[in-house]
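The next block holds one structure in the form of structure tokens; read it before the comments.
The values are calculated or read from the model by the stated rules, or taken from the named source; none is laboratory data. None of these values were measured; they are calculated from a predicted model. Please note: Cβ atoms are built from the backbone with ideal geometry, for glycine as well, and neighbour counts cover all protein chains shown.
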Amino acid sequence: MNPILVALDVPTGGAALALADRVRGDVGGFKIGSQLFTAAGPDIVRTLVARGDRVFLDLKFHDIPNSVAGAIASARDLGAWMVNVHASGGPAMLEAAREAAGTGADRPLVIAVTVLTSLDQAALGAVGIAVSPVEQAVRLARLAQAAGLDGVVASPQETEAIRQACGSGFVIVTPGIRGASADLVEAARTAPGRGAAVDDQKRTMTPAGARRAGSSYLVVGRPIAAASDPRSAARRIAAEIRDAAAPTSTSP
């Protein structure tokens, strides 16, 4: 499938559906995060699923195992194609998430967040983690794999190391994607209403670079959502990755 997942990081359900309508058919699916889910609730997931869209529910669950299991079961019932948890929640929580997803072809993929793209070495040190982002990401990816999860979320700068550590069948979803074309980069930098948050992702990479490193799916937000023509932007990003080496696996 098309590896581009558009981040619907917009303030209302109406804005999300409008953006989805503008790029549907030129992307592989849509990511719903905390901002949109808090504003529009589970109905936005149901609506997109009913329209035939793949939805990555990016709520990064991190709680006691029983609570996370309940959240994953609810995401499954909504029809989410993929859902995530924080790998740092530990083995019991990860295993509970995997079990709650159920079995069968219609179960959601369950992936684990490793190290947020907004964190660098100094930020990790501030919360007591003495290793580098790549070391921490690989450690957590191995933990998620051992718990039976389908894959992880990691910055594109850790993708190659995770692919080497976890093998070809492991899904790697990468945010922090910035278009190589200068005007797409500018669209992301000057997204209206974002202020300083436009540059909050520190470990980024171009779409082609991320695919060559082994990314399965690319979460792309501002370079598409903030573009004057989102469909054209999506097509140009797809063109950037067309000649890149395909990842080993995007199939689970």
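Hey, could you check the range 61-76 for residues that are among the hydrophobic types (A, V, I, L, M, F, W, C) and either assigned to a helix (DSSP H, G or I) or free of Cβ contacts under 8 Å to residues at least 24 places away in the same chain (or both) and say which is farthest from residue 96 (Cα to Cα)? Checked the range 61-76; the qualifying residue farthest from residue 96 (Cα to Cα) is 75. Residues of the range 161-184 that are farther than 21 Å from residue 81 by Cα and modelled with pLDDT of 95 or more: 161, 162, 163, 164, 165, 166, 167.
The single condition among (1) of a type in the set (S, T, N, Q); (2) out of contact with any helix residue (DSSP H, G or I) (no Cβ under 9 Å at 6 or more places or on another chain); (3) modelled with pLDDT of 95 or more that residue 118 does not meet is (3). Could you list, in sequence order, the residues of the range 5-15 that are farther than 19 Å from residue 237 by Cβ and either touching a Leu at 6+ places or on another chain (Cβ under 6 Å) or not in a helix (DSSP H, G or I) (or both)? Those that are farther than 19 Å from residue 237 by Cβ and either touching a Leu at 6+ places or on another chain (Cβ under 6 Å) or not in a helix (DSSP H, G or I) (or both): 11, 12. Quick one: how many residues across the range 68-98 are acidic (Asp, Glu) and more than 17 Å from residue 151 (Cβ to Cβ)? Residues in the range 68-98 being acidic (Asp, Glu) and more than 17 Å from residue 151 (Cβ to Cβ): 1 in total. For the range 59-80, the criterion of being within 25 Å of residue 212 (Cα to Cα) and either at pLDDT 95 or above or of a type in the set (D, E, K, R) (or both) is satisfied by no residue at all.
Inspection of the range 25-33 finds a residue satisfying the criterion of being surrounded by fewer than 18 Cβ atoms within 10 Å (Cβ to Cβ) and either in contact with a helix residue (DSSP H, G or I) (Cβ under 8 Å, 6 or more places away or on another chain) or assigned to a loop (DSSP other than H, G, I, E, B) (or both). In the set (1) on the phi > 0 side of the Ramachandran plot; (2) in a helix (DSSP H, G or I); (3) not aliphatic (A, V, I, L, M), residue 22 fails one condition alone, (1). Within the range 113-157, the set of residues being of a type in the set (Val, Ile, Thr) and in a loop (DSSP other than H, G, I, E, B) comprises 114, 115, 117, 127, 129, 131. Residue 156 fulfils the conditions (1) closer than 15 Å to residue 211 by Cα; (2) crowded, with 17+ Cβ neighbours inside 10 Å; (3) modelled with pLDDT of 95 or more except for a single criterion, (3).
The single condition among (1) surrounded by 15 or more Cβ atoms within 10 Å (Cβ to Cβ); (2) in contact with a Lys or Arg (Cβ under 7 Å, 6 or more places away or on another chain) that residue 102 does not meet is (1).
Checking each residue in the range 69-87 for being more than 18 Å from residue 32 (Cβ to Cβ) and crowded, with 17+ Cβ neighbours inside 10 Å picks out 69, 87. Exactly one residue out of 53, 106, 43 is within 18 Å of the chain's Cα centre (by Cα) and acidic (Asp, Glu): that is 53. Among the conditions (1) surrounded by fewer than 22 Cβ atoms within 10 Å (Cβ to Cβ); (2) out of contact with any Asp or Glu (no Cβ under 9 Å at 6 or more places or on another chain); (3) modelled with pLDDT of 95 or more, residue 140 misses just one, which is (1). Return yes or no: is residue 94 assigned to a helix (DSSP H, G or I), out of contact with any Ser or Thr (no Cβ under 9 Å at 6 or more places or on another chain), farther than 27 Å from residue 13 by Cα and hydrophobic (A, V, I, L, M, F, W, C)? Taking the combined requirement at face value, the residue satisfies it.
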